[in-house]
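**Q** Starting off with a structure, shown below.
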Amino acid sequence: MIALAWVAFAVVVLAVVGFCYLIIRHYQDKHEAEPLPTWVAVFGLVLTLLCVFLIPIDIYSVSSTTNHSTGERTLTAAEIDKRGETIRVVYYFLYSGVLAFAFGLIPFAYFYYEEEDEQVTIKQKIWAGCKYTIFLLVIVSILLAIGLIIFFAGKTGTKPTKNENTSQWVKNLVKNENFAEASISFAIASLTVLGYLIWIVYTAYGLSAFPIGIIKGRRNVHEDATDIQSNLEQTREKQKSIKSKYLAGGKKISKRDEEALGLLSRKEKILSRQGERLEKSESGLAKCFVVVKPFLFLFGFLFIMISALIITSMILTNIDKAVNSSDFCGSQCGFVLAYPKIFNPLDTLFTILARYFPLDYILVGAMIVYIFIATLSGVARIGIRFLWIKLYSIRKHGSAPQGLLLTTIILMLAVLALNMELTTLSPQYASFGSQVFLNTTSGKVQSCSLEAPPDQCTMTQIGAFVTRISLRTAFFAWIYYFLSWGFLAAALIGFIVALIKGRSSNIETREDDSDSDED
């Protein structure tokens, strides 16, 4: 059956490539499209999304190693280790690719395109891309070096755990990591901190604004058209009023009126182009869209319930960590839970469905795509900003290549945070799946956990990856924990803002609207 799981993953790889390509093409300005930024953005997103789409395969790999009725293992230890090693190699291959894109290829493509000019040669553009990328390569080298230092200097195998089983789990987890994995883990953990900040800024707002926006819908096109026409008439009247003062005689136009006419002329041009785009938006598929409009409320309601479920599950696990992580070794191990004790609806659902693969894969995949789209929605609504300064707008068929590359980095960081946050959304599922063992003391079949004998349970590779980060560098786990509370607070604020905010307009504003009509 594990072979069928890998076939499913291969299908997902193809689907993810197609999905990412369509996303980039949807937002890309067709007049400024370039092959290098396009494909770098596509494959950067693909690699990062595959990191989370691999997780259900990882979980199935361990869930299928035991008989759920008797708790006995159905595979030998060697077979289980071989499965785990294969998945582990794939994880670190993907993580290495993410680092290469985040610190190398995407910055190179960004600065390469920044030098785009008819007078600049390809050699000069390549040099510009390399010149500015070197700094980021130095940063990732430093992160990898720090990971090595922590690996050789750390003494995380002696955490003050509560019993023999948990102590053995700690020793095994630390012992089974090599120096290369430790370096990559530290670099990924560092990037993930930025990913949590992206969650606070974009994902938190997107999880509310996306479904509420669907429920509210957009303004009526005719209302927007009336507004544009009214503004056009007022603009033209003001132009006539100024020009009328200089019709009689040879009176020279004042500098003030000349500037006013220039501003009014640009405003007229902007309004005219907005009106033209508004007319085009009513044709073709847009008219067909009216048929499904009555059902959008139902979709919006469904999506807001999914957002509520995600946020509720995070709150419950965070409370569980605060109250019960001391059963393992508390804050010294980064609030790792030996076994979840507070009911978590998402965790319970996924753990049950893990017995019926690929049902869990379908639902987890749907949740991943939903969070991804919600984050993208947040980016499109807020824009790419440095503090209060808006750098780029992300909109349908109107995004600059540089803006798309920065959006790609934002989405990659957000998905890395999701990679870690899955152990909060669904701790039991992400760590042990539906795996069980026979408790020889009580004679009962129980769910695997960090309190179970290590020789009877196998932790998922993603569970081991996250737990190792908590054991070796507990400060990362503390940062993630408190930033996740920050995300929840931001989600509440985003929900209030999305409720108060009016319906979106159909009027599309572009930076080049006031440019001259030269072809």
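Each value in this text was obtained by applying a stated rule to the coordinates, not by laboratory testing. What you see is a predicted model; the values in this text were computed from it and never measured. Ideal geometry is used to build each Cβ from the backbone, glycine not excepted, and the neighbour counts take in all protein chains shown.
**Q** From the phi of every residue in region 480-488, what ³J(HN,Hα) in whole Hz does the Karplus formula 6.51 cos²θ - 1.76 cosθ + 1.60 yield, where θ is phi - 60° and glycine or proline is x?
**A** For region 480-488, the Karplus curve yields 4, 4, 6, 5, 5, 5, x, 4, 5 Hz.
**Q** Evaluate E = 1/(1 + (r/R0)^6) for ARG25 and LEU296, where r is the Cβ-Cβ distance and R0 equals 25 Å; express this FRET efficiency to the nearest 0.05.
**A** My answer for the efficiency is 0.60.
**Q** Here's a follow-up. So how tilted is helix 359-382 from the main axis of the chain? Cα-based, degrees 0 to 90, rounded to 10.
**A** Relative to the chain, helix 359-382 is tipped by roughly 30 degrees.
**Q** Hey, what number do you get for the chain at 222 nm if only DSSP H runs of n ≥ 4 count, each worth -39500 (n - 2.57), divided across all residues, to the nearest 500?
**A** Helix contribution divided over all residues of the chain: -23500 deg cm²/dmol.
**Q** Continuing with the same structure: What net charge is computed for the residues neighbouring ASP320, neighbours being all others with C-beta under 15 Å from the C-beta of ASP320, Lys and Arg scored +1, Asp and Glu -1? Could you put the intermediate results ahead of the total?
**A** Details: positive: LYS321, LYS341; negative: ASP327, ASP347, GLU421, GLU451.
Net of charged neighbours comes to -2.
**Q** Compute the longest continuous run of the chain that contains no exposed chymotrypsin sites (Phe, Trp or Tyr not before Pro); treat a site as exposed when its DSSP state is not H, G, I, E or B and it has at most 15 other Cβ atoms within 10 Å.
**A** Within the chain, the longest run free of exposed chymotrypsin sites (Phe, Trp or Tyr not before Pro) spans 1-245.
**Q** Taking the square root of 5 times each eigenvalue of the Cα gyration tensor, what semi-axes in Å does the equivalent ellipsoid of the chain have, largest first?
**A** 51, 26, 20
**Q** Moving on. In percent, how large is the relative contact order of the chain, given Cα pairs closer than 8 Å and 6 or more residues apart?
**A** Relative contact order, the chain: 29 percent.
**Q** Starting from the 7 Å offset along Cα-to-Cβ, what nm value, one decimal, do you get for the label separation of LEU36 and GLU233?
**A** 5.1
**Q** Okay, next question. Applying 1/(1 + (r/R0)^6) with R0 = 30 Å to the Cβ-Cβ distance of ASN178 and ALA78, what FRET efficiency is obtained, to the nearest 0.05?
**A** 0.95
**Q** Taking Cα pairs under 8 Å and at least six residues apart, what relative contact order does region 284-443 come out at, in percent?
**A** Once divided by the residue count of region 284-443, the mean separation gives 24 percent.
**Q** With θ set to phi - 60°, apply the Karplus curve 6.51 cos²θ - 1.76 cosθ + 1.60 along region 49-62 and write out the HN-Hα couplings as whole Hz, x wherever there is a Gly or Pro.
**A** 3J(HN,Hα) across region 49-62, in whole Hz: 5, 5, 4, 8, 6, 6, 4, x, 5, 4, 5, 4, 4, 8.
**Q** Which of the trypsin sites (Lys or Arg not before Pro) found in region 418-497 are loop residues per DSSP with 12 or fewer other Cβ atoms within 10 Å of their Cβ? Could the numbers behind the result be given before it?
**A** Details: sites: LYS444, ARG468, ARG472; in loops: none.
Sites meeting the loop and neighbour criteria: none at all.
**Q** Here's something else I'd like to know. Quick one: what are the phi-derived ³J(HN,Hα) couplings along region 36-46, Karplus 6.51/-1.76/1.60 with θ = phi - 60°, whole Hz, x for glycine and proline?
**A** For region 36-46, the Karplus-derived couplings read 4, x, 4, 6, 5, 5, 4, 6, x, 5, 4 Hz, x marking Gly and Pro.
**Q** Can you list residues from other chains, or at least 5 along the same chain, whose modelled amide H is less than 5 Å from the amide H of TYR392?
**A** ILE384
**Q** Figure the gain on full extension for GLN168 and ILE342 (residue separation times 0.36 nm, minus the Cα-Cα span) and round it to one decimal in nm.
**A** Additional length available on full extension: 60.2 nm.
**Q** Then there's this: Given the C-alpha centroids of region 343-422 and region 10-44, what is the distance between them in whole angstrom?
**A** Computed from Cα coordinates, the inter-centre distance equals 15 Å.
**Q** Now a separate question. With viscosity set to 0.890 mPa s and temperature to 25 °C, compute the Stokes-Einstein D of region 11-124, Rh being the Kirkwood radius across alpha carbon pairs; µm²/s, no decimals.
**A** Numbers: Rh = 17.1 Å.
For these conditions, the coefficient is 144 µm²/s.
**Q** Same structure, new question: Restrict the search to region 176-221; then list the trypsin sites (Lys or Arg not before Pro) that DSSP places in a loop and that have at most 15 other Cβ atoms within 10 Å of their Cβ.
**A** ARG219
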